[in-house]
1. Do any residues in segment A:122-146 that are farther than 15 Å from A:G306 by Cβ have Cβ atoms under 8 Å from those of residues that are surrounded by fewer than 24 Cβ atoms within 10 Å (Cβ to Cβ) and among the acidic types (D, E), where the two are at least six apart or on different chains, and which pairs are they?
2. Within segment B:413-421, is there a residue that is closer than 26 Å to B:G270 by Cα, modelled with pLDDT of 95 or more and not in a helix (DSSP H, G or I)?
3. Just to be sure, is B:G286 in the same structural domain as B:P236 (by TED's automatic domain parsing), of a type outside the set (F, W, Y), buried (at least 24 other Cβ atoms within 10 Å of the Cβ) and closer than 27 Å to A:D312 by Cα?
4. (1) under 24 Å from A:I216 (Cα atoms); (2) in a loop (DSSP other than H, G, I, E, B): which one isn't true of A:H89, the others all being true?
5. Working only within segment A:377-411, note down all residues that are at the interface with another protein chain (Cβ under 9 Å from one of its Cβ atoms), of a type in the set (S, T, N, Q) and more than 19 Å from B:D305 (Cα to Cα).
6. Just checking, which of B:L63, B:L74, B:L88 is within 14 Å of chain A (Cβ to nearest Cβ), surrounded by 16 or more Cβ atoms within 10 Å (Cβ to Cβ) and at pLDDT 95 or above?
7. Any idea how many residues of segment B:329-361 are within 10 Å of another protein chain (Cβ to nearest Cβ), touching a strand residue (DSSP E or B) at 6+ places or on another chain (Cβ under 8 Å) and among the basic types (K, R)?
8. Considering only residues that are crowded, with 24+ Cβ neighbours inside 10 Å and small (G, A, S), look in segment A:120-140 and name the one that is nearest to B:P378 (Cα to Cα).
2 protein chains.
Amino acid sequence: MIDTLIHNGLVLTVDKDFKIIPNGAVAVRHGCIEKVWAPQADQALPAARRTIDAAGGIIMPGLINAHTHLPMSLFRGMADDMPLERWLHERIFPAEARFITPASVPLGASLSCAEMLLGGTTTCGDGYFLVDHFAGAVAQAGMRAVLGQGVIDFPAPGVPDPTLNVSAAQSFIERWQGRSALLQPSIFCHSPGTCSSRTLQSAKKAADEMGVVFQIHVAETRAEREQIEGAHGCSPIRYLDRLGILDSGTLLVHAVWVDTEDIAIIARSGARMVHCPESNMKLASGIAPIPDLLSAGITVGLGTDGCAGNNDLDLWGEMDMAAKLHKVHRLNPTVMDAATVVRMTTIEGARALGLDRMVGSLEIGKRADLIVLKNGEPHLTPLYHAASHLVYVVRANDVRHVMIDGQWVVRERQLLTIDLDALFIQVNALARRIEAG
Amino acid sequence: MIDTLIHNGLVLTVDKDFKIIPNGAVAVRHGCIEKVWAPQADQALPAARRTIDAAGGIIMPGLINAHTHLPMSLFRGMADDMPLERWLHERIFPAEARFITPASVPLGASLSCAEMLLGGTTTCGDGYFLVDHFAGAVAQAGMRAVLGQGVIDFPAPGVPDPTLNVSAAQSFIERWQGRSALLQPSIFCHSPGTCSSRTLQSAKKAADEMGVVFQIHVAETRAEREQIEGAHGCSPIRYLDRLGILDSGTLLVHAVWVDTEDIAIIARSGARMVHCPESNMKLASGIAPIPDLLSAGITVGLGTDGCAGNNDLDLWGEMDMAAKLHKVHRLNPTVMDAATVVRMTTIEGARALGLDRMVGSLEIGKRADLIVLKNGEPHLTPLYHAASHLVYVVRANDVRHVMIDGQWVVRERQLLTIDLDALFIQVNALARRIEAG
């Protein structure tokens, strides 16, 4: 017996062949995808506990936000359009020091999960502090996530003594490994500039020993590249390579200031990457050479980065931006075609997070993380090509239903897992305190 | 007696001082803005025929899309990610030749108006062919518009004999001048590369004599700049200047490939400009030097361009793109701050179209073109700064109510002026024919 049958949709599988099935159906059983096919018009649909009519809308894998900082939605739009150093040191760091607490982080994480789920994001890769205090909120939201406990060589929320940063991350991993089917703990080293070589190596060793993903911001800004070159005589990527940190368990975030040799090193190492175009644009960090990274065969996922910088967690806008930015930067309208961008935001994002056997496409045996889009709105009419539609016109509000691990978390745009009214009251009260300073 | 009173909102006036009124109200009478103020909590609201509670949402001027091609929504997503010349000659021009007809253009125009109205765009500047055949659809949608009849030295839809192109535009203007309070006819010369100097001068003369805006695409691509330099020995802007075409009645669209001298010439002439960042990005045309054009004091509005290229008419995405693109291009996060981008999409767009005395801000005596946004959605929470909110997080679907000329055209996201179901049936039937080729 099928648990959930979704039919009468345009099924975008994002399988190896990018197969698209008009008038298709997806069957879900025990949280898994049981069947993806085009039912014959003259045959009855199979029996199912629940049958959902997609009404001609697109049925596709849930989106994967491969890099964010969940609690930072509390600072959404608090400070913008400022020079990076002033923004960080005058606004973000002081706000984090005062307002990022065990009590506030679950509020920010719930708010971020609510936004992502309503926009069709079913998996996120996160790195922040006090993760122990908000992992429960993420699980309760029903979101699939890789949650990295932050490691930095400065006093940080929850880790006032930086000599304990790696062991704090290890303890977090021990507590959360295997605890929830949806959550994978991880280690998130802040950057090569803010962690010593000893910290980086010890954190990578811990990640490998515990079998979790090692995440790190790298080569985000020109200043960071110059700092590492000054201190270590080589580029940030070469520095990490020299420390033995680059392999298929490492996730490099940003990689804006990388040269041809850096790209070859990343490709050879098997390390994966996350591209965050809106964050890199808004903070004026630079333009990552994504077409070159893709040509080198590197796995590249897409991420929104945290809300203090971006200022939202909207992967539809991020896809649009990724497709258009590189076209104009290279003066070549054929780069970053729509299908490539859709793959980055689904199966490649899953691969970046080490979850590609589990999610990222609609294929038999994978966990059922899927979304159903609206149909019949002016901006969605007409529809000629599904991938183009997704990248260039679909918006977060066009997501109708969202399923994670076989469970509905959004139905008809109603979020089923979080009490939004109660959450808004708490978040707005905190925001008024943050505003008062 | 007030006709409509909207209260309990965050009023963004976009007046000279960018005044923002928390817990503000707007009164509308006889289609005009009668009062904009902060009612005292202890005083009764004035009597009004209809009173609308904005529920804490933003009340602001309707957005102004200063450049589009309305009927081209029929081709939304038909062809993407192709080299520009192949895209134009193999896909767009053949599709226009076959499917742009007196019967199809009102469908495309209605579809475009529906999308724009539901996204809070209350005025558009358009340039296309067969305008006579879709101006009625625009008027019926309740959209305010400057509609330019296309002039090009090739056979065009409705004007098979190009020697009659200027006189066809004159006839259109004669028929529509003063006919509708919402519509202003105009002339739209396609570009300096596709119109002879004689056509350009004669069209500009006609526009001046009839007192209408003269629109023209200019310096959109490097190829166009090189073509004009080869043919006339100077840049496209200098060429137009030499022909006597640049003055405050001229609206220059794109202006991507302009140099310092071009910018000085535009500034001196008083000509206005429209920036279409998403179109320029997706077609890989280049990045217009908008911060320099603004520094020179040039009026710059924002436009989506037509749907065949962009692929939507969403000014919220366009604002986000405009703010972020120039930051990363200049590696400077302070350029194109949020308030500047909001002005470009409201009062400056109105100025570009010659409508700034009538619309573009919430000020007493102006026509009541305004929108009310939603409040209380995860991605809209918290709200620290209104301009940042509008540029970086608000999406088209966050528009709740839309008023044009004192009349509601959208209430609670329901479009009141167009029968969408009937329209979709016709548009989808045509799209299947276009697809079959």
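1. Here the result reads A:G142/A:D405; A:R144/A:D405, each pair linking segment A:122-146 to a residue that is surrounded by fewer than 24 Cβ atoms within 10 Å (Cβ to Cβ) and among the acidic types (D, E).
2. Filtering segment B:413-421 down to residues closer than 26 Å to B:G270 by Cα leaves none.
Looking for residues that are closer than 26 Å to B:G270 by Cα, modelled with pLDDT of 95 or more and not in a helix (DSSP H, G or I), one finds none in segment B:413-421, hence no.
3. On the way: in the same structural domain as B:P236 (by TED's automatic domain parsing): yes; of a type outside the set (F, W, Y): yes; buried (at least 24 other Cβ atoms within 10 Å of the Cβ): no; closer than 27 Å to A:D312 by Cα: yes.
It is false that B:G286 is in the same structural domain as B:P236 (by TED's automatic domain parsing), of a type outside the set (F, W, Y), buried (at least 24 other Cβ atoms within 10 Å of the Cβ) and closer than 27 Å to A:D312 by Cα.
4. (2)
5. Once the filter is applied, which keeps residues that are at the interface with another protein chain (Cβ under 9 Å from one of its Cβ atoms), of a type in the set (S, T, N, Q) and more than 19 Å from B:D305 (Cα to Cα), segment A:377-411 yields only A:N397.
6. Values: B:L63 fails: within 14 Å of chain A (Cβ to nearest Cβ); B:L88 fails: at pLDDT 95 or above.
Sole residue among the options that is within 14 Å of chain A (Cβ to nearest Cβ), surrounded by 16 or more Cβ atoms within 10 Å (Cβ to Cβ) and at pLDDT 95 or above: B:L74.
7. Adding up the residues that qualify gives 0.
8. Only one residue fits best here, namely A:G120.
The values are calculated or read from the model by the stated rules, or taken from the named source; none is laboratory data. Quick caveat: nothing in here was measured; it's all calculated off a predicted structure. Note that we place each Cβ from the backbone using ideal geometry, even for glycine, and neighbour counts take in every protein chain shown.
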